[in-house]
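Read-outs: derived from the displayed coordinates by stated rules, not from any lab. Just so it is clear, the structure is predicted and the values come from calculations on it, not from any experiment. Cβ atoms come from the backbone with ideal geometry, glycine included; neighbour counts cover every protein chain shown.
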Amino acid sequence: MPVTDGVTTNIWMLSTSTGTGRQIADFGERPVLMLDMEDADYVITQPTKNSFRAFSKVCTHQGCDVNKVEGGLISCPCHGSQFSITDGTPQNGPAPKPLPQTSVKVSGGNVVTA
Ligand code: FES
């Protein structure tokens, strides 16, 4: 899975792992990473420094995978829905509901499900 350095606090990351207490993203020694979104389960955002949120990557409109995080919004490529990186609520487009959120915490330098 390609990993590149991110540059802002509005990051996103994804992982294939799921389940309570399992690692879903590895920060290593770098505070911000961006991971390939393919085969992932979550979009992870950092709305404020060291405060992380994890959302389902499945758009609540018709189920496409969201594919971009930019300017405080998580975007779906299919019909233009955009969701808040803070609480997943729809901000633009046809999506009727927020992206479901999963509780996460930072543990040992990783973001894990809580
Ligand atoms: Fe995401 Fe339609 S499926 S906007």
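Points worth noting:
- Taking label positions 7 Å along the Cα-Cβ direction at both S107 and N50, the computed distance is 1.9 nm, reported to one decimal.
- Kirkwood-based shape ratio for segment 43-114, expressed as Rg/Rh from alpha carbons: 0.99
- Note on V58 and A114: the extension gain reaches 18.1 nm, defined as 0.36 nm multiplied by sequence separation minus the Cα-Cα distance.
- Order by protection proxy (mean Cβ within 10 Å, highest first), peptides 76-83, 62-69: 76-83, 62-69
- The slack between N67 and Q91, meaning 0.36 nm per residue of separation minus the straight C-alpha distance, is 7.1 nm.
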